[in-house]
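Before any comments, here is the structure.
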Amino acid sequence: MLTLFIDTHTTYLRLGLVLDNQLLKEEKTTEKLDHSTICLPTLIKLMNETNKTVQDLTDIVVVNGPGSFTGERLGVTIAKTLAYTLQIPIRTITSIETCLSSINLKEETYLSLSEKNGYFLALYNPQKELFNDYFYLTKSEYSDFIKNNPVLEVEEYDILESVKFAHQKSSLNPHTVNPLYVKKIEVLK
């Protein structure tokens, strides 16, 4: 099984190819360019360097947010397009689940992921089950929140563990895959 992993939810872009539970190759860019200008060329580079083609893909895992409004839309659109045209399964994983996949929790804990103006949060138990909807707090709200709640800030994750976590979920119809918007975009405030 050859899985394409796509993550465009933040300022960097991460793509990976996983073959039978082994990470073949990962591309991570930290350039400040638009993801829309580098995502497809980076995907082509990844495929060329591993001597694979998109026709070799057997499924796709995409990070659908929360995160950058535009970044989420881009990654999800590319993943949906490939899954639909290649007629292969697609699964989603949230940006917080990518980090959750690589850690063990001892108690119910809020996992938080920072962004430029605040934090995305969700409450998980040790069995990695979500207890509430994702929500967003500004930096000042977050400072108050962490005084009374168990919070673990997460950032880094392992692509292979994320793909394994996503493979525990059912595949989706590409038409039903959508970005996970938690925070209103600035223009709507």
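Just one of (1) buried (at least 23 other Cβ atoms within 10 Å of the Cβ); (2) over 23 Å from Val177 (Cα atoms); (3) acidic (Asp, Glu) fails for Glu72. It is (2).
Please count how many residues of segment 75-125 are over 21 Å from Leu13 (Cα atoms), free of Cβ contacts under 8 Å to residues at least 12 places away in the same chain and assigned to a helix (DSSP H, G or I).
Residues in segment 75-125 being over 21 Å from Leu13 (Cα atoms), free of Cβ contacts under 8 Å to residues at least 12 places away in the same chain and assigned to a helix (DSSP H, G or I): 1 in total.
Among the residues making up segment 126-142, a single one is part of a loop (DSSP other than H, G, I, E, B) and either hydroxyl-bearing (Ser, Thr, Tyr) or assigned by TED's automatic domain parsing to the domain that holds Val63 (or both): Tyr134. Output the residue which, of all residues in segment 139-158 that are hydroxyl-bearing (Ser, Thr, Tyr) and touching a residue at least 12 places away in the same chain (Cβ under 8 Å), is surrounded by the fewest Cβ atoms within 10 Å (Cβ to Cβ). Looking at residues that are hydroxyl-bearing (Ser, Thr, Tyr) and touching a residue at least 12 places away in the same chain (Cβ under 8 Å), I get Tyr142. Restrict the check to segment 36-57 and report whether at least one residue is in the same structural domain as Pro174 (by TED's automatic domain parsing) and under 25 Å from Leu130 (Cα atoms). Looking for residues that are in the same structural domain as Pro174 (by TED's automatic domain parsing) and under 25 Å from Leu130 (Cα atoms), one finds none in segment 36-57, hence no. Could you go through segment 174-185 and let me know if any residue there is farther than 25 Å from Phe5 by Cβ and modelled with pLDDT under 95. Yes, the conditions are met somewhere in segment 174-185. Against the definition (surrounded by fewer than 21 Cβ atoms within 10 Å (Cβ to Cβ), within 20 Å of Ile159 (Cα to Cα) and in contact with a Ser or Thr (Cβ under 9 Å, 6 or more places away or on another chain)), how does Lys25 come out, yes or no? Considered against the rule, which asks whether it is surrounded by fewer than 21 Cβ atoms within 10 Å (Cβ to Cβ), within 20 Å of Ile159 (Cα to Cα) and in contact with a Ser or Thr (Cβ under 9 Å, 6 or more places away or on another chain), Lys25 comes out as yes.
Here segment 46-68 is the region considered, the condition is being over 15 Å from Ile159 (Cβ atoms) and within 13 Å of the chain's Cα centre (by Cα), and the residue that is surrounded by the fewest Cβ atoms within 10 Å (Cβ to Cβ) is Ser68.
Can you work out which of the residues in segment 126-144 that are among the acidic types (Asp, Glu) and under 19 Å from the mean Cα position of the chain (by Cα) is farthest from Thr11 (Cα to Cα)? Only one residue tops the list, namely Glu129. Just the residues that are in contact with a Lys or Arg (Cβ under 9 Å, 6 or more places away or on another chain), crowded, with 18+ Cβ neighbours inside 10 Å and either assigned by TED's automatic domain parsing to the domain that holds Val182 or more than 17 Å from Thr138 (Cβ to Cβ) (or both), please, taken from segment 99-122. Within segment 99-122, Leu100, Ser101 meet the criteria. Check whether at least one residue in segment 79-86 is among the small types (Gly, Ala, Ser) and outside the structural domain of Ile38 (by TED's automatic domain parsing), and report yes or no. No: segment 79-86 contains no residue that is among the small types (Gly, Ala, Ser) and outside the structural domain of Ile38 (by TED's automatic domain parsing). The sole residue among Thr30, Thr37 that is among the β-branched types (Val, Ile, Thr), in contact with a strand residue (DSSP E or B) (Cβ under 9 Å, 6 or more places away or on another chain) and modelled with pLDDT under 95 is Thr30.
Kindly evaluate Thr70 against the criterion of being in a helix (DSSP H, G or I), of a type outside the set (Phe, Trp, Tyr) and not assigned by TED's automatic domain parsing to the domain that holds Tyr124. Here the answer is yes, as Thr70 does meet what is asked.
The values are calculated or read from the model by the stated rules, or taken from the named source; none is laboratory data. As the structure is a computational prediction, the values presented were derived from the model and not from experiment. Positions of Cβ are backbone-derived with ideal geometry, glycine not excepted, and every protein chain shown enters the neighbour counts.
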